[in-house]
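Chemist: Got a structure for you, written out below as structure tokens; questions coming shortly.
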Amino acid sequence: MPDGLPNRTAGMDAVLGVEASLSGRRWVWPRAAAGAAHDPDAHDRLGLQMAQRLMLPETVGRLLSLRGVDPAAAAHYLEPTLRALLPDPSGLADMDVAAARLARAVRCGETVGVFGDYDVDGACAAALVTVLLRALGCVVHTHIPDRMREGYGPNAPALVGLADKGATLIVCVDCGTAAPEPLAQVRERAEVVVLDHHASDGAVPPILATVNPNRLDCSSGLGTLCATAIAFLTGVALLRALRQEKLFAHREPPDLLGLLDLVALATVCDVMPLTGLNRALVTQGLKVMARRARPGIHALLEVASVRDVPSAFTCGYALGPRINAGGRISEADLGLRLLLCEDPAEAKQLAERLDAVNRQRRTVEDGILQRAMALGEAQLGAGHAVLFLSDTDWHPGVVGIVAGRLKERFNRPVLVGAALEDGTVKGSGRSVEGLDLGGAVIAARQNGLLLTGGGHAMAAGFSLQAEHVHAFHGFLDGRLSAARLRPLSQELSVDGVLGVAAATVELAASVNRLAPFGAGNAEPLFALPRARVLRADRIGRDNNTLRLLGEGEGGGARLKALLFRADESPLAAVLEQRGAPPVHLLGWLRAETWNGATTAGFFIADAALA
């Protein structure tokens, strides 16, 4: 193979013979979509064809083949554009009704209430709708519910409060599909439009419009979009309706494309698959974000010390956790206020507050994680397919993060709850690929086991009476029993084996042609065989990042490598040993720019003794 990617052995053999790495995981070659064994020759042939047709490096062609990209769609995959991929918004059920009502609100200069959610998608969707309607002349009031006092989704007092401020139209974003009772409380005073993407378990609420690709009667095929993307499509439909009414005959329409940074941020942080339309939305949105024109996002990038061009990684690991932090353990609307802020000085203050809250959130999370891991081990030993953990000392705002960490550790659906003083347990869950947790939670609610519950395949929220915990856990074990067939540690799919000398800036730039990376489009993982650590030291604000200088077998070429969260990693103890034996490293090859110089860096995901 070119670019230092040697030929692979077909079949089920472990890569470099790694059956159990230092983190207990098996390294495998990618499997075909139907679950067949890896066929390197077929991928080499197809990859070479795509590389020649599109004038790409052979490495990129092969990686496209490994991801199942059809040759006919490869050009749009590498250069995804909205012109090619944006659908007609009218294909979404109720979209035309919603757009017409929003157009009337604009024509009449109505006051509009926007009710969002306290996570990144909810904040971004609320910001997008608010910015757009204000630019069109509407007065807009917003409300983000407090996680502890109000819980998830619309509640009657907050909706009535928006009506009291003069709202004759209320737009619920990233929530509302499963809230017919609260929405009914305000129906006599304001019309309601819902822009959502969460799974629906029956008829939509009896309101003016529910735009949700996952409602049972919607045939749009857009069920992988987040709520902010649905809000963006609603903006497309709204501006189209206003153009038809000649509203822009003597004025410029708002810059809808300038709001794509919000769509990109929400899509990545809500773990939507980065394929098809999502890929175009994120690609174009990251270009908007790179201009740093939105004061709130610019300030947050500065606080997070992001100097490079923003990427999906930036959204998921630098921006998202900080925006989420306010809704988890502080002021629920802090993230939305930052996104709406137009004053750079105020934005800087808000970003610094969110950064401080995020550090506090990490402290709270760390206090829960160790006990949660022990409880998870015990439940696995007891034969549970799904892990369900709760405790009276756990903060409801961080249980979703803890669930995600346990899901990664045990390769099982995990639900984590906080037992509250009122006798209820409130929490969040995270699932693994192929097991629909949201559907299982909705089914449990329909069976009377939950007070509230909903979500999508990979994540869900719930609340229940404490006496129903065991029944709920048993229901999930039965509903998601296939989880028992999964290995306890995730297998890691390896895209190629590189010598250190081949891990170049040029190769990193070629691999980056496949970005943005995330759910549905994993960043390629490369193995470096028999690397020797020459130097190891700790860096970072919390001294929790391990920086290595390594060289390949036979010496000569050297490469800088980083291991994040070193204190929690079983790899660190081995990699920091003086005179440690050679190790196989597994990770991501990226080009990094610092002080005008671009170098190759290797970000470690796993390691194994050679």
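Chemist: Working only within region 130-162, note down all residues that are β-branched (Val, Ile, Thr) and closer than 21 Å to Val120 by Cβ.
Modeler: We begin by selecting, within region 130-162, every residue β-branched (Val, Ile, Thr); these are 130-131, 139-140, 142, 144, 160.
Within region 130-162, Thr130, Val131, Val140, Thr142, Ile144 meet the criteria.
Chemist: Could you tell me whether region 119-128 includes any residue that is more than 26 Å from the chain's Cα centre (by Cα), assigned by TED's automatic domain parsing to the domain that holds Leu247 and of a type outside the set (A, V, I, L, M)? Give the derivation first.
Modeler: Quick first cut of region 119-128, residues more than 26 Å from the chain's Cα centre (by Cα) only: none.
No, region 119-128 has no match at all.
Chemist: Counting only residues that are farther than 13 Å from Lys426 by Cα and touching a residue at least 12 places away in the same chain (Cβ under 8 Å), which one in region 468-477 is surrounded by the fewest Cβ atoms within 10 Å (Cβ to Cβ)?
Modeler: Ala471
To keep it simple, each residue is scored yes or no on (1) aliphatic (A, V, I, L, M); (2) buried (at least 16 other Cβ atoms within 10 Å of the Cβ); (3) within 30 Å of Leu420 (Cβ to Cβ).
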{"residue": "Met55", "(1), (2), (3)": "yes, no, no"}
{"residue": "Arg107", "(1), (2), (3)": "no, no, no"}
{"residue": "Pro145", "(1), (2), (3)": "no, yes, yes"}
{"residue": "Asp164", "(1), (2), (3)": "no, no, yes"}
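Chemist: In region 77-105, which residue that is among the aliphatic types (A, V, I, L, M) and assigned to a loop (DSSP other than H, G, I, E, B) is surrounded by the most Cβ atoms within 10 Å (Cβ to Cβ)?
Modeler: Step one: filter region 77-105 for residues among the aliphatic types (A, V, I, L, M), giving 78, 82, 84-86, 92-93, 95, 97-100, 102-103, 105.
Now restrict to residues that are assigned to a loop (DSSP other than H, G, I, E, B): 86, 92-93.
Working: Leu86: 15, Leu92: 28, Ala93: 20.
So the residue we want is Leu92.
Chemist: Condition (residue is of a type in the set (A, V, I, L, M, F, W, C), farther than 30 Å from Val402 by Cβ and at pLDDT below 90) applied to region 558-575: is it met by at least one residue?
Modeler: Checked region 558-575: no residue is of a type in the set (A, V, I, L, M, F, W, C), farther than 30 Å from Val402 by Cβ and at pLDDT below 90.
Chemist: Can you find, within region 426-443, the residue that is surrounded by the fewest Cβ atoms within 10 Å (Cβ to Cβ) among those that are within 17 Å of the chain's Cα centre (by Cα), in a strand (DSSP E or B) and among the small types (Gly, Ala, Ser)?
Modeler: Ser428
Chemist: Ok, one more. Please verify whether Gly423 is at pLDDT below 90 and either of a type in the set (Ser, Thr, Tyr) or at positive phi (or both), treating the condition exactly as stated.
Modeler: no
Chemist: Name the pairs whose Cβ atoms lie under 7 Å apart, with the first residue in region 163-190 and under 18 Å from Ala126 (Cβ atoms) and outside the structural domain of His143 (by TED's automatic domain parsing), the second of a type in the set (Asp, Glu) and in a strand (DSSP E or B), and 6 or more positions between them or separate chains?
Modeler: Within 7 Å, no pair qualifies.
Chemist: Within region 1-56, can you find the residues that are modelled with pLDDT under 50 and of a type in the set (D, E, K, R)?
Modeler: Those that are modelled with pLDDT under 50 and of a type in the set (D, E, K, R): Asp3, Arg8.
Chemist: Between a first residue in region 87-110 that is closer than 13 Å to Pro213 by Cβ and a second residue that is among the aliphatic types (A, V, I, L, M) and assigned to a loop (DSSP other than H, G, I, E, B), which pairs have beta carbons less than 7 Å apart while being 6 or more apart in sequence or on different chains?
Modeler: Pro87/Leu222; Leu92/Leu222
Chemist: Among the residues of region 444-467, write down those that are surrounded by fewer than 20 Cβ atoms within 10 Å (Cβ to Cβ) and over 27 Å from the mean Cα position of the chain (by Cα).
Modeler: Gln446, Asn447, Gly448, Gln465, Ala466, Glu467
Chemist: Determine whether Cys218 is within 22 Å of the chain's Cα centre (by Cα) and not assigned by TED's automatic domain parsing to the domain that holds Asn521.
Modeler: In short, no.
Chemist: Determine whether Met55 is over 24 Å from the mean Cα position of the chain (by Cα) and under 30 Å from Leu339 (Cα atoms).
Modeler: Here the answer is no, as Met55 does not meet what is asked.
Chemist: Give the residue, chosen from Leu563, Leu492, Leu514, that is closer than 26 Å to Arg359 by Cα, touching a residue at least 40 places away in the same chain (Cβ under 8 Å) and not polar (S, T, N, Q).
Modeler: Working: Leu492 fails: closer than 26 Å to Arg359 by Cα; Leu514 fails: closer than 26 Å to Arg359 by Cα.
None of the others qualify; the one that does is Leu563.
Here's the yes/no breakdown for (1) under 18 Å from Gly151 (Cα atoms); (2) of a type in the set (D, E, K, R); (3) outside the structural domain of Val139 (by TED's automatic domain parsing):
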| residue | (1), (2), (3) |
| --- | --- |
| Gly327 | yes, no, yes |
| Gln349 | no, no, yes |
| Ala356 | no, no, yes |
| Ala374 | no, no, yes |
| Asp391 | no, yes, yes |
| Gly397 | yes, no, yes |
| Glu408 | no, yes, yes |
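Chemist: Quick check on Pro516: is it crowded, with 20+ Cβ neighbours inside 10 Å, of a type outside the set (A, V, I, L, M), within 28 Å of the chain's Cα centre (by Cα) and in a loop (DSSP other than H, G, I, E, B)?
Modeler: Spelling it out, Pro516 is indeed crowded, with 20+ Cβ neighbours inside 10 Å, of a type outside the set (A, V, I, L, M), within 28 Å of the chain's Cα centre (by Cα) and in a loop (DSSP other than H, G, I, E, B).
Chemist: Next up: Checking Glu342 against (1) within 20 Å of Arg147 (Cα to Cα); (2) touching a residue at least 40 places away in the same chain (Cβ under 8 Å); (3) over 20 Å from the mean Cα position of the chain (by Cα): exactly one of these is not met. Which one?
Modeler: Glu342 satisfies all of (1) within 20 Å of Arg147 (Cα to Cα); (2) touching a residue at least 40 places away in the same chain (Cβ under 8 Å); (3) over 20 Å from the mean Cα position of the chain (by Cα) except (1).
Chemist: Only one of these is surrounded by fewer than 21 Cβ atoms within 10 Å (Cβ to Cβ) and small (Gly, Ala, Ser): Gly423, Gly417. Name it.
Modeler: Numbers: Gly417 fails: surrounded by fewer than 21 Cβ atoms within 10 Å (Cβ to Cβ).
Answer to the check: Gly423.
Chemist: Of the residues Arg134, Arg149, only one is more than 25 Å from Gly448 (Cβ to Cβ), basic (Lys, Arg), without any contact (Cβ under 8 Å) to a residue 12 or more places away in the chain and not in a loop (DSSP other than H, G, I, E, B); which? It would help to see each step written out before you state the result.
Modeler: Values: Arg149 fails: not in a loop (DSSP other than H, G, I, E, B).
Just one listed residue meets the conditions, Arg134.
Chemist: Return the only residue of Leu507, Leu563 being under 30 Å from Leu435 (Cβ atoms), in contact with a Ser or Thr (Cβ under 7 Å, 6 or more places away or on another chain) and not polar (S, T, N, Q). Full working, then the answer.
Modeler: On the way: Leu507 fails: under 30 Å from Leu435 (Cβ atoms).
Answer to the selection: Leu563.
Chemist: Related question: Suppose we filter region 70-86 for residues that are in contact (Cβ under 8 Å) with a residue 60 or more places away in the chain and either in the same structural domain as Leu238 (by TED's automatic domain parsing) or among the aliphatic types (A, V, I, L, M) (or both); how many remain?
Modeler: Number satisfying all stated conditions: 5.
Chemist: If I filter region 297-332 down to residues being of a type in the set (D, E, K, R) and modelled with pLDDT of 95 or more, which single residue comes out as farthest from Asp117 (Cα to Cα)?
Modeler: Kept after step one, since they are of a type in the set (D, E, K, R), are these residues of region 297-332: 302, 307-308, 322, 328, 331.
Checking which are modelled with pLDDT of 95 or more leaves us with 302, 322.
On the way: Glu302: 25, Arg322: 15 Å.
If we take residues in region 297-332 being of a type in the set (D, E, K, R) and modelled with pLDDT of 95 or more, then Glu302 is farthest from Asp117 (Cα to Cα).
Chemist: Given the criteria of a type outside the set (Gly, Ala, Ser) and either assigned to a loop (DSSP other than H, G, I, E, B) or modelled with pLDDT under 95 (or both), does Leu488 qualify? Outline the logic, then answer.
Modeler: On the way: of a type outside the set (Gly, Ala, Ser): yes; either assigned to a loop (DSSP other than H, G, I, E, B) or modelled with pLDDT under 95 (or both): yes.
Judged against the criteria, Leu488 is a match.
Chemist: Shifting gears a bit: With the condition kept exactly as written, say whether any residue in region 229-243 is farther than 16 Å from Ala103 by Cα and within 18 Å of the chain's Cα centre (by Cα).
Modeler: For region 229-243, residues farther than 16 Å from Ala103 by Cα and within 18 Å of the chain's Cα centre (by Cα): present.
Chemist: Are there any pairs, at least 6 apart or on different chains, whose C-beta atoms fall under 6 Å, with the first in region 359-382 and in contact (Cβ under 8 Å) with a residue 12 or more places away in the chain and the second among the aliphatic types (A, V, I, L, M) and surrounded by fewer than 17 Cβ atoms within 10 Å (Cβ to Cβ), and if so, which?
Modeler: none
Chemist: Condition check: outside the structural domain of Asp146 (by TED's automatic domain parsing), at pLDDT 95 or above, part of a helix (DSSP H, G or I) and closer than 25 Å to Asp606 by Cβ. Does Ala403 satisfy that?
Modeler: Yes.
The values are calculated or read from the model by the stated rules, or taken from the named source; none is laboratory data. Nothing here was measured: the structure is a model prediction, and the numbers come from that model. We place every Cβ from the backbone using ideal geometry, glycine too, and count neighbours over all the protein chains shown.
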